[in-house]
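One structure is given here, and the rest of the page talks about it.
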Amino acid sequence: ILPPDETRIRFQLTVSDIISTVEFNYSGELLATGDKGGRVVIFQHEQESKNRPHLRGEYNVYSTFQSHEPEFDYLKSLEIEEKINKIRWLPQQNAAHFLLSTNDKTIKLWKISERDKRAEGYNLKDEDGRLRDPFRITSLRVPVLMPMDLMVEASPRRIFANAHTYHINSISVNSDHETYLSADDLRINLWHLEITDRSFNIVDIKPANMEELTEVITAAECHPHQCNVFVYSSSKGTIRLCDMRAAALCDRHSKFFEEPEDPSSRSFFSEIISSISDVKFSHSGRYMMTRDYLSVKVWDLNMENRPVETYQVHEYLRSKLCSLYENDCIFDKFECCWNGSDSAIMTGSYNNFFRMFDRNTRRDITLEASRESSKPRATLKPRKVSTGGKRKKDEISVDSLDFNKKILHTAWHPKDNVIAVAATNNLYIFQDKLN
């Protein structure tokens with residue numbers, strides 16, 4: 001048995017390594033992950049080689065930096081943890097890359113740039129950096145750029161702070177590439193990327209009396225093509241679409257998406273499992289996808305009364321809701337993502353399982369991200385969960401699922417069939433099988 005202090009240190013090491021967000025950039029060349037220790041790790045796609053075609057989906061570490069540090073709010077006597085809640089890439093405009101990262105309170109804009117040359121031959125400095133005596137300089141020389149080992153630098157360009165009273169759960173870059181929104185439990189703010197000292201409050205659902213509070217904002221996203229449109233989801237299972245052209249404060253929504261509840265299936269847990277944990281527009285902008293505890297729903301923006309598609313993620317857990325409530329798993333926030341052509345969707349589950357649904361054929365598959373089943377270049381085998389009765393070979397019983405192993409964060413390459421799956425402190429990258 002480890003001494004108490006060592007146990008605590010080991011626990012802290014593992015907790016800080018837990019991945020809390022995964023995001024491909026617009027081209028899919030870079031993949032960023034954030035963790036509970038406030039670090040951002042960026043992976044770069046290896047260029048395809050004729051000699052080594054199997055490297056097509058391989059990503060290697062490109063840059064690692066500390067994005068956020070733990071802080072303390074002395075006015076409220078609250079610790080602000082360093083955990084990265086969300087990362088969002090900005091479209092690439094020049095040789096450098098830019099991304100936004102946020103913890104519970106502070107959003108930062110980072111510039112990631114490469115340096116493979118350095119200036120040498122200064123007049124006022126020696127090669128070791130010491131200043132020279134100006135009176136001893138007898139001739140002028142022109143500094144030259146000399147090649148050096150490639151160095152990737154991450155530098156904070158903007159810090160957007162002090163705008164959120166509650167914990168930030170979403171950031172989303174607008175299609176105008178000049179503004180972005182950030183959402184916490186009760187408010188949504190609109191920022192300009194160049195201005196850090198002020199933001200515009202565009203949604204405020206905080207009641208005058210907090211005892212009257214009935215719902216909170218769970219996720220928000222900008223429309224991929226219309227810079228005036230955004231959506232936000234709530235803990236009551238509803239989605240509101242707002243148009244910033246209608247009013248400065250978008251407290252009155254333009255569209256309200258809600259599926260009527262079946263009274264026969266109502267239970268103590270109905271409100272908890274109907275809470276939406278993620279909302280994502282399709283790349284086309286025609287649809288949006290929402291994830292609640294047991295299902296993924298696809299909505300047509302032109303039809304508010306019900307979703308056009310509903311996919312059950314782990315319906316076999318409906319009978320386990322009582323124990324999931326007791327161990328707090330029922331409050332887990334699963335994310336979802338579209339593939340590049342909007343023809344398939346992916347989301348996570350327990351036991352390191354993740355689910356993929358083909359929207360055209362309506363076929364679905366359950367796969368597992370684990371070290372045992374994910375040896376390099378091995379084909380993943382579909383997994384099945386047995387809900388009772390006689391268990392077939394290769395099936396896993398619902399009673400033996402490990403609820404500590406969960407896939408909350410997934411990302412799909414914007415163009416290729418390459419996916420990234422975060423399983424606790426491990427990142428798995430899968431690609432479709434080469435012929």
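The values are calculated or read from the model by the stated rules, or taken from the named source; none is laboratory data. Because the structure is a prediction, the values reported are computed rather than measured. We place every Cβ from the backbone using ideal geometry, glycine too, and count neighbours over all the protein chains shown. Each accessible area value is taken on the protein alone, full model and side chains, heavy atoms only, with ligands, DNA and RNA left out. Shrake-Rupley method; radii C 1.70, N 1.55, O 1.52, S 1.80 Å.
Summary value for the range 251-300: 24 percent relative contact order, contacts being C-alpha pairs under 8 angstrom separated by 6+ residues. Relative to one another, the C-alpha centroids of the range 82-102 and the range 235-260 are positioned 27 Å apart. Here the range 84-241 has 50 percent of its accessible surface on carbon and sulfur atoms, given a 1.4 Å probe and all protein chains in place. Sparse packing (at most 16 other Cβ atoms within 10 Å of the Cβ) combined with a DSSP loop state is found for the following trypsin sites (Lys or Arg not before Pro) in the range 270-310: Arg286. A simple charge model with +1 on the Cβ of Lys and Arg, -1 on the Cβ of Asp and Glu and nothing else charged puts the dipole of the chain at about 1220 debye relative to its Cα centre. A simple spin-label model places the labels of Arg245 and Ala378 5.5 nm from each other, with each point 7 Å out along Cα-to-Cβ. Relative contact order of the range 218-366: 16 percent, from C-alpha pairs under 8 Å at least 6 residues apart in sequence. Taking Arg371, Arg132, Arg115 as the candidate residues, the one with maximal mean-square fluctuation in a Gaussian network model of the chain, Cα springs under 10 Å, is Arg132.
When the Gaussian network model of the chain links Cα atoms closer than 10 Å, the mean-square fluctuations of Asn302, Asn360, Asn352 top out at Asn360.
For the chain, the mean residue ellipticity at 222 nm estimated from helices alone is -1500 deg cm²/dmol, where every DSSP H run of n ≥ 4 contributes -39500 (n - 2.57) and the total is divided by all residues, rounded to the nearest 500.
Accessible area per residue was computed with a 1.4 Å probe on protein heavy atoms; Phe65 scores about 20 Å².
Per-residue Karplus couplings for the range 426-431, computed as 6.51 cos²θ - 1.76 cosθ + 1.60 with θ equal to phi - 60°, are listed in order as 10, 10, 10, 10, 10, 9 Hz, Gly and Pro entered as x. Around Tyr232, what is the net charge, scoring Lys/Arg as +1 and Asp/Glu as -1 over all other residues with Cβ under 9 Å from its Cβ? Spelling it out: positives minus negatives among the neighbours equals 0. The C-alpha atoms of the chain define a longest principal axis, and helix 4-16 lies at about 90 degrees to it.
The residue among Val421, Ala220, Phe135 whose Cα reaches farthest toward the positive pole of the charge dipole of the chain, with charges on the beta-carbon of Lys, Arg, Asp and Glu, is Val421.
For the chain, the relative contact order is 10 percent, taking Cα pairs closer than 8 Å that sit 6 or more residues apart in sequence and dividing their mean separation by the residue count. Can you give the FRET efficiency to the nearest 0.05 for Thr165 and Lys415, using r as the Cβ-Cβ distance and R₀ = 56 Å? The computed FRET efficiency comes out at 0.90. With point charges of +1 on the Cβ of Lys and Arg and -1 on the Cβ of Asp and Glu, referenced to the Cα centre of the chain, which listed residue (Tyr26, Thr165, Phe331) lies farthest in the positive direction of the dipole? Of Tyr26, Thr165, Phe331, it is Tyr26. On full extension, the segment bounded by Asp364 and Glu395 gains 9.6 nm, given 0.36 nm per residue less the C-alpha separation. With the cut-off at 22 Å, tell me which of the pairs Lys76/Lys406; Lys255/Lys280; Lys206/Lys280; Lys36/Lys405; Lys236/Lys415; Lys83/Lys406 have Cα atoms farther apart than that. Correct reply: Lys76/Lys406; Lys206/Lys280; Lys236/Lys415.
Think of a 1.4 Å ball rolled over the protein heavy atoms: the chain then has 55 Å² of accessible area per residue. Label-to-label distance, Ser27 versus Arg252, with points set 7 angstrom from Cα along the beta-carbon direction: 4.6 nm. Other residues with beta-carbon under 14 Å from the beta-carbon of Lys108 carry, at +1 per Lys or Arg and -1 per Asp or Glu, a net charge of +4. Taken about its Cα centre, the range 234-353 carries a charge dipole of about 240 debye when Lys and Arg each add +1 at the Cβ and Asp and Glu each add -1 at the Cβ.
To the nearest 0.05, what FRET efficiency results for Lys433 and His283 with a Förster distance of 25 Å applied to their C-beta separation? Efficiency at R0 = 25 Å is approximately 0.55.
Inter-part distance, the range 373-435 to the range 282-329, computed on C-alpha centroids, equals 19 Å. Between Asn123 and Met210, the distance separating the two model label sites (each 7 Å from Cα on the Cα→Cβ line) works out to 6.3 nm.
For the range 186-288, applying the loop criterion from DSSP together with a ceiling of 12 other beta carbons within 10 Å to the GluC sites (Glu not before Pro) yields Glu194, Glu261. The Cβ shell under 13 Å around Leu145 holds other residues with a net charge of +1, Lys and Arg each +1, Asp and Glu each -1. Treating r as the C-beta distance of Arg132 and Glu46 and R0 as 51 Å, the FRET efficiency rounds to 0.70.
About its Cα centre, the dipole of the range 277-435 is roughly 580 debye, where the only charges are +1 on Lys and Arg Cβ and -1 on Asp and Glu Cβ.
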